[in-house]
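The values are calculated or read from the model by the stated rules, or taken from the named source; none is laboratory data. The shown structure was predicted, so the numbers you read here are calculated from the model rather than taken from an experiment. Here Cβ is always computed from backbone atoms with ideal geometry, including for glycine, and neighbour counts include all displayed protein chains. Side chains included, ligands, DNA and RNA excluded: accessible areas come from the protein's heavy atoms. Shrake-Rupley method; radii C 1.70, N 1.55, O 1.52, S 1.80 Å.
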Amino acid sequence: MGGFSADERLRLQQLRVLRRRWLRDQELSEREPVLPRRQLGPVAAFWERFLQPGGLWRQRVFRAYQAGGFFVAQVLIPAWLVHYYVKYHVMRAPYGIVSSNPAVFPGDRILETGEVIPPLKDESAGHH
């Protein structure tokens, strides 16, 4: 036992036609009055224009977002990981200790200029 009787099928077809006719009548024609355009402020008007599909600025912002995401995910994070590994696991100086220049004493010769550091003056004439 399947399906509808002939009368039920006719009734369903008529309902379908009425629904389609009603939906077709719901579309506004060019002659029908529409709601007046709402007045937008300058900020809302900017965002209304900016968010239109296919706008140039929207495409540029999306490209910048994609490039930024690529830079962070593919360049910045791997570079930080390599830097961390090199700094704390490979370098001989522990934890980035900076080696300073060697001390310079009187009588030493400066290699770049060839200048000799003069001896210190005696301060024995002081208050001690």
Label model pair H89, L111: point-to-point distance (7 angstrom along the Cα→beta-carbon line) in nm is 3.4 nm
Note to self: with every protein chain in place and a 1.4 Å probe, the chain gives an accessible area per residue in Å² of 104 Å²
In whole angstrom, the spacing between the Cα centers of region 28-48 and region 1-24 equals 39 Å
When all Cα-Cα pair distances of the chain are considered, the percent exceeding 21 Å is 80 percent
In terms of the charge dipole of the chain, which places +1 on Lys and Arg and -1 on Asp and Glu at the beta carbon, the residue among H89, V43, L23 farthest towards the positive end is L23
Rounded to the nearest 10 Å², the accessible area of K87 using a 1.4 Å probe with every protein chain kept is 60 Å²
Rounded to the nearest 10 Å², the accessible area of R16 using a 1.4 Å probe with every protein chain kept is 120 Å²
Here D for region 38-94, in µm²/s, from Stokes-Einstein with a Kirkwood Rh over Cα pairs at 25 °C and 0.890 mPa s, works out to 165 µm²/s
To the nearest 20 debye, the chain has a Cα-centred charge dipole, built from +1 on Lys and Arg Cβ and -1 on Asp and Glu Cβ, of 1420 debye
So the FRET efficiency between V34 and Q14, C-beta based with R0 = 22 Å and rounded to 0.05, is 0.10
With every protein chain in place, the accessible area of I77 for a 1.4 Å probe, in Å² rounded to the nearest 10, comes to 90 Å²
Taking only protein heavy atoms and a 1.4 Å probe, the highest-to-lowest accessible-area order of E8, E123 is E123, E8
